[in-house]
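K.L.:
The structure follows.
The values are calculated or read from the model by the stated rules, or taken from the named source; none is laboratory data. Nothing here was measured: the structure is a model prediction, and the numbers come from that model. Cβ sites come from the backbone with ideal geometry, for glycine too, and all protein chains shown count toward neighbours. Heavy atoms of the whole protein, side chains included, go into the accessibility calculation; ligands, DNA and RNA do not. Shrake-Rupley method; radii C 1.70, N 1.55, O 1.52, S 1.80 Å.
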Amino acid sequence: MIILLGWILQHYVLKYVITKVAKFFEKRSKVVTARILEHFSRETRHAIFTGIIFFALSWLIGVSLFTNSSVRNFFYSLMVFYAFKGAYDVLTYYANHPDPLFLKEKKIPFLTPFSLRIMKAFLALIAVAIIAGLWRFNLNGFLTGIGLTGVALAFGIRDTSSHIFGGLSMGFDKPFQVGDFISTEDGKIEGTITDINLRSTLISTADKGIVYVPNAYLMNKPIYNLSKREKRKIETFLYISTNQDEESIRNICSEINKQILLHPKVSKEEFVLVYIDEFHADYYRMLISFYIPTNNIHEKYAVQQDIIFGTKQILDEGAIQLIDPNALKINNS
């Protein structure tokens, strides 16, 4: 009867109370507290129900089960397991659902999914150590064996360990986080960070889908975090025939420059460059460079499109002849 009443108490009454308290905190914007209560709910109820079972069995036999050291250690081990399992579930939730985990004072995330995974691993080790201590397990010999095994494995899995240490370095340095758009210096990898694990980072690219990139590779490459840019540079090259006279080309450069400056979405704080920057046997190269004060990719291409169409109109009005340098190289060869 005690066990039955205890099961009803934890499964219906206590579960209902915890749910109501979690909703109370969520309504008051205490989302983190609400999530912790929700994920600790099951383990808290299991811990209370376990205590009720031990109490009922003690009452049944007329002797406290806690007088036996093995039973007592078993009970304490269960309590440690429930406590750490609840904390583990909370960390797992935020690792799999990287919602903003905010500090009260500053609206910035203070834990990343990668950091949460590291904490989960340490949490499991701490729980095992505490339970082993309750049972008076000799940890010295066990740790010595792990140390020797670790040294032996280190030589066999050097590449894997380098990736893991690369992941740890990224966890501390935080060059990027989930959701950032990055690009390597050589341009071979470009995409959005979808997840950061101990060994590899998952990047969603436009043409290759999800790419698993070893952490050591990313740590040894210059990385451009394009999501952190406040401005975007637009740079275009035109190739003009050397048959055009100098004055016409200068006038065209001036007109294109004016067109860019008149565009409402072009940054006026940065240089607008429209110049002939290279001279070849058959053509001049014209540089067109400017900035827009946004990191939105759609706005970037919309502005670039406006400037391209405007430039085309100016070139047509000036009767400027453009050259394809690649076609010239093929013809010359």
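K.L.:
With a cut-off of at least 2 residues that are at pLDDT 75 or above and touching a Phe, Trp or Tyr at 6+ places or on another chain (Cβ under 9 Å), name the strands (runs of 3 or more DSSP E) lying wholly within segment 180-230.
P.N.:
181-184, 190-196, 200-205, 223-225
K.L.:
Checking TYR291 against (1) in contact with a strand residue (DSSP E or B) (Cβ under 7 Å, 6 or more places away or on another chain); (2) under 21 Å from ILE240 (Cβ atoms); (3) among the aromatic types (Phe, Trp, Tyr), which test does it fail?
P.N.:
(2)
K.L.:
Still on this structure, I have one more. Looking at (1) of a type in the set (S, T, N, Q); (2) closer than 30 Å to GLY191 by Cα; (3) open to solvent by less than 70 Å² (accessible area, probe 1.4 Å), can you tell me which one SER241 breaks?
P.N.:
Exception for SER241: condition (2).
K.L.:
May I pose another question? Take the residues of segment 245-267 that are in contact (Cβ under 8 Å) with a residue 24 or more places away in the chain and not in a helix (DSSP H, G or I): which is most open to solvent (accessible area, probe 1.4 Å)?
P.N.:
Of the residues in segment 245-267, the ones in contact (Cβ under 8 Å) with a residue 24 or more places away in the chain are 248-249, 251-253, 255-256, 259-260, 263, 265-267.
Within this subset, residues satisfying the condition of being not in a helix (DSSP H, G or I) are 263, 265-267.
Values: HIS263: 27, LYS265: 107, VAL266: 5, SER267: 8 Å².
Here the answer is LYS265.
K.L.:
Working carefully through the options ALA319, ALA302, ALA281, find the one that is open to solvent by 30 Å² or more (accessible area, probe 1.4 Å) and under 30 Å from ASP180 (Cα atoms).
P.N.:
Of the residues listed, the single one that is open to solvent by 30 Å² or more (accessible area, probe 1.4 Å) and under 30 Å from ASP180 (Cα atoms) is ALA302.
K.L.:
Can you tell me which residue in segment 167-179 is modelled with the lowest pLDDT, limited to those that are open to solvent by 30 Å² or more (accessible area, probe 1.4 Å) and assigned to a loop (DSSP other than H, G, I, E, B)?
P.N.:
Result: LYS174.
K.L.:
Being over 28 Å from VAL178 (Cα atoms), acidic (Asp, Glu), touching a residue at least 12 places away in the same chain (Cβ under 8 Å) and assigned to a strand (DSSP E or B) is true for just one of GLU235, GLU270. Which residue is that?
P.N.:
Answer to the selection: GLU235.
K.L.:
Of all helices (runs of 4 or more DSSP H) completely enclosed by segment 1-72, which ones contain at least 1 residues that are closer than 30 Å to ALA132 by Cβ and open to solvent by less than 70 Å² (accessible area, probe 1.4 Å)?
P.N.:
The qualifying helices (runs of 4 or more DSSP H) are 2-8, 31-61.
K.L.:
Taking the condition open to solvent by less than 70 Å² (accessible area, probe 1.4 Å) and at pLDDT below 95, does ILE314 pass?
P.N.:
Yes: the conditions hold for ILE314.
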